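Have a look at the structure below, then the notes.
The values are calculated or read from the model by the stated rules, or taken from the named source; none is laboratory data. None of the values given here were measured: they were computed from a predicted structure. All Cβ positions, glycine included, derive from the backbone under ideal geometry; neighbour counts span all protein chains shown.
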Amino acid sequence: MRSSGTNGNGSAAAAPNGTNGRSQANGSNSPRVSGNGDTHAGDSKGGASGGNGDDLDARILCLEKTVGTVLYRNMLREHGRVNQPRLIRDPAVKRTVLQMLESAARGIARLDSVIKRLDAKTLEALLAKLQAPPLGEISNMKTLQHVVFGLEELAGSDQHHAA
């Protein structure tokens with residue numbers, strides 16, 4: 001008759017959860033070893049595949065409406081070398097694309113704030129003075145910055161003269 005602490009071959013019986021009685025919580029900094037011998041730290045960062053990458057994809061996609069299709073597509077091509085965010089494999093590149101699009105969204109918000117202070121004819125005259133493309137056709141950050149800074153400067157100087 002065998003004791004309850006051993007299995008048929010004399011070794012200790014496995015715990016029901018498959019951990020041989022040890023806690024599975026990996027809260028310590030002890031390394032984990034995968035099947036191929038690679039060692040992973042307990043707090044490893046997730047890659048582009050999985051929840052984090054999908055989250056970045058969704059955040060990038062949401063910015064298309066904010067920055068406009070032309071600027072969005074050109075930034076994906078310039079910084080990600082792709083037409084769709086899910087095709088970006090490198091998480092660092094994906095984060096860079098997201099940061100650039102967020103920066104463009106802030107620029108668009110500043111542009112909207114300046115536009116609200118101007119009437120249509122004044123806006124048209126200022127855009128002509130800046131030799132800027134129509135607002136819906138801004139295709140890169142350099143042009144966006146040029147238009148935003150130029151309009152802010154010109155709109156600010158117009159308001160000072162009006163007072």
Quiz item: Quick check: is even one residue across region 112-124 within 20 Å of the chain's Cα centre (by Cα) and modelled with pLDDT of 95 or more?
Solution: no
Quiz item: Mind checking which residues of region 109-152 are basic (Lys, Arg) and assigned to a loop (DSSP other than H, G, I, E, B)?
Solution: 117
Exercise. Select from region 79-108 the residues that are in a loop (DSSP other than H, G, I, E, B) and free of Cβ contacts under 8 Å to residues at least 40 places away in the same chain and write down the one among them that is surrounded by the most Cβ atoms within 10 Å (Cβ to Cβ).
Key: 82
Quiz item: Is there a residue in region 109-128 that is under 18 Å from residue 60 (Cα atoms), touching a residue at least 24 places away in the same chain (Cβ under 8 Å) and not hydroxyl-bearing (Ser, Thr, Tyr)?
Solution: no
Quiz item: (1) among the small types (Gly, Ala, Ser); (2) at pLDDT below 95; (3) at negative phi: which one isn't true of residue 103, the others all being true?
Solution: (2)
Quiz prompt | Unmet criterion (only one of (1) in contact with a helix residue (DSSP H, G or I) (Cβ under 8 Å, 6 or more places away or on another chain); (2) touching a residue at least 24 places away in the same chain (Cβ under 8 Å); (3) over 23 Å from residue 151 (Cα atoms)) for residue 76 | solution = (2)
Quiz item: Restricting attention to region 110-159, and to residues there that are closer than 16 Å to residue 75 by Cβ and small (Gly, Ala, Ser), which single residue is surrounded by the most Cβ atoms within 10 Å (Cβ to Cβ)?
Solution: 139
Quiz prompt | Hits in region 138-163 (condition: of a type in the set (D, E, K, R) and at pLDDT below 95) | solution = 152, 153, 158
